[in-house]
Each structure stands twice: as structure tokens, then as C-alpha cells.
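Before any comments, here is the structure.
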Amino acid sequence: MNIESDLKKDGIEVIEKIDTLRINSIARTVSIKICEAFPKYGLNQNELFIKLSRLNMFKAKMPEGMAEANYFYKNTSIYFNVHIPDEDLEEFAIHECIHYIQEIKDKKNYLIRMGLCDYTEFKIYGLGLNEASVQLMSSKINGIPKEYVKYFGISFETTSPSYYPLECCLVNQLAYITGEDVLFESTLNSNDNFKMTFANLTSPKIFMAIQNAIDDILYAEEDIIKLNNKIAQIDDRNKKVDGMLKKIDELKNEISLTFMRTQNLIISSYFDKSFFNISNLEDVENYRRKLYSFKDYLGVMEGYTFFNDYYVKKMEELEIKYNALENGEVETAIKVITKKENKLVALFKTIKKLIFRNFVEKENDIQ
């Protein structure tokens, strides 16, 4: 195990080790904050403090675009960017300390799981999902307020404007569907409760597709950072730089397309399945409310109409189903939806589409 070569490969240059008293102070503050934010997840504050106080912590030079702090499981250490003020170390330590709590190693000290991420012999699964969930937890602990941001042409509201924002947006949508508790409990305790919950609400195949898409976004973002760092080291513009800039544009476009496809998959897979589970009038109202409120979790870009169209379509179907259920025609409530729309329903569709498109256009105007 050559830690120095691993650090060098990631562009990390150690400057100094943080003294024991400061590490204990960070461990105490972080353990208190985590336990106060998540009291239901079986954590003991004193035990957590002892665990975190055993961490090694260093200040180091970090490459441009890299996270301000990094946890290395091989030597149980956290590396902080040397530019971070000493009084802010606790804020940046929280994300990395959660990683330390998550880790599960085998007898040979190899990492086999970290929260929602599985480390197999040939491939890592769920890295983006886990990073986003840990960041959402960190933002919650640090009390980060929501703000509107725009990345790669996609506008949305987030509590993580600087770290994994697109991944956090998608994972926040998943948490809206399953509930935050099951997501964060699985993240902290490294179990499959969240995976199984979402898979039951959609399907195992859908879960894997979404998990892989979030990984793809994460890896594409990392490739952009690497290319930007290479460009920064070249003094004169040349064909090589032009090629890297073109590749960056391609990666950005790929990220935007992957995000929108994944968001649409989350919407359709969950709300299609839950629609057919509606069996009474209360279910109708709950479905209507949950679908409408999903708008608050959307990422939108110019020309995006999927949610608008989907919402209108489901409201039409829901009205038909409501009328059938109200008249005691449970079987008819399912079958009648597939019939051709009459003129009245078509008119209803046009009106609702105009109303809801206005909402989407307002979202697109937010910078």
C-alpha cells in the first residue's frame, strides 16, 4: 500500500499534519452535529466522537476543481485544502467523516462497501448516488439554505450549489419518492433498505438504470475537471487545446442529456406504477398532490416539456378514474383510461397545458 503514490496520482501534496487537539475538536463538533441532525439512526455521540478522533487529518495542496476535502480509506485520513480557514474545517469535515462512518472493509483491509456504493473486483457501483446522498446529509447538517442554480443549461433549486449539484438534484427526487429517512439511514448504515424501497416502487431494473446514470454524470464531470486542468498548464492555444475544448463541450452535452433522461425515467417509472395502485378516492387525491409537488424538485432547461405533458396526461386519466371510483366502477376506472379522448377531454387537456406551460416557462427564466 503506497499512500504517497496514490495521493500524487490524485494531485494531492501534503503540507502539514493537523495536531491532535484540533482533530479532537473537529471530532467533537462533527459527532454532535451528526447525532443532532439524525437522532433516529442508532448513533451514539460518545462512541462516534471516539471513532472520529482516531482519524488522521492533514492540510494539503489540491488540484483546481477537486473537492476541498478528501477521505482516504487506505490510511484512514482526511486531507483538507490548505486554503480552507481553520475555523471552517468542521464544515468540510462532515462529508468526509460520514464516509468514514460508512466504510465496510474485509479482513485484508480492502473496501467492499461505502454507504450506497458497492466496491466489486471489477467495477464500482453507486458512487455518484452515494456522494450525492452524503452531500445532501452534509448540507442538512450544516443548514445550507436552498438556492437556484444553473449548470450545463439546467436550472433547479438545491441545498448543494457547489458540490455534486446535478447528482444531488436527481437523488433529491428519489428521496421525495421514498422519503428522506430510508435514503439517509441506508447511506449512513451501508445497507440495501433504500435500494429495495425504490425498486419496489418502480423495479430493480429501473433502480440500476438510474444508479448507473448518476455514476455516468459524476465521471463525466471528473473528466471535464481533468481536461480543464490540462488546458490550464498549456501556455499557447493550439490544436490540442481546441480538441480538449471540443471534448469538454461534448461531455457537457452528454451530462445534460443524461440528466434529463434520468429525471424523466424517475417521473414516469414511479408515477406510472403508482397510478395503477390507486383503489379509492383518497389515493386519487394523494397521487394528484404528490405528482403536482414534484415540480419543486425538477431540473428544467429551454424547451423542456416532458413533465408538463406528463402532468396533463395524468390529470386527464386521474379525472376519469376519479369519476369511475366515485360511481363504484373500480374495474371501469382502469379500463376506460385507454379509450380515445372525446372533445371535452381534449379541450380540458388544452386548457391545462396552457396553465402548466406558464409555470415551466417561469422556471426556465430562473438563472
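The values are calculated or read from the model by the stated rules, or taken from the named source; none is laboratory data. If you're wondering where the values come from, they're calculated on a predicted model, not measured in any experiment. All Cβ positions, glycine included, derive from the backbone under ideal geometry; neighbour counts span all protein chains shown. In case anyone asks, the SASA skips ligands and DNA or RNA and just uses the protein heavy atoms, side chains included. Shrake-Rupley method; radii C 1.70, N 1.55, O 1.52, S 1.80 Å.
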> Which is outside any helix (DSSP H, G or I) and either of a type in the set (D, E, K, R) or over 18 Å from L218 (Cα atoms) (or both), of I94, I101, I112?
Replying inline: I112
>> So in segment 321-338, with the set limited to residues that are at pLDDT 90 or above and under 35 Å from the mean Cα position of the chain (by Cα), which one is least open to solvent (accessible area, probe 1.4 Å)?
In response: K321
> out of contact with any helix residue (DSSP H, G or I) (no Cβ under 6 Å at 6 or more places or on another chain) and at positive phi - does that describe any residue in segment 59-67?
Replying inline: no
>> Which count do you get for residues in segment 137-164 that are open to solvent by less than 10 Å² (accessible area, probe 1.4 Å) and in a helix (DSSP H, G or I)?
In response: 3
> Is there a residue in segment 307-318 that is touching a Gly at 6+ places or on another chain (Cβ under 7 Å), in a helix (DSSP H, G or I) and not aromatic (F, W, Y)?
Replying inline: no
> Can you name the condition, by its number, that D118 falls short on among (1) under 26 Å from Q211 (Cα atoms); (2) among the charged types (D, E, K, R); (3) in a helix (DSSP H, G or I)?
Replying inline: (3)
>> Among the listed residues I278, I248, I267, identify the single one that is open to solvent by less than 20 Å² (accessible area, probe 1.4 Å), aliphatic (A, V, I, L, M) and outside any helix (DSSP H, G or I).
In response: I278
> Within segment 1-21, how many residues are farther than 19 Å from E90 by Cβ, assigned to a helix (DSSP H, G or I) and free of Cβ contacts under 8 Å to residues at least 24 places away in the same chain?
Replying inline: 4
> From the residues in segment 22-45 that are in a helix (DSSP H, G or I) and among the hydroxyl-bearing types (S, T, Y), which one is least open to solvent (accessible area, probe 1.4 Å)?
Replying inline: S31
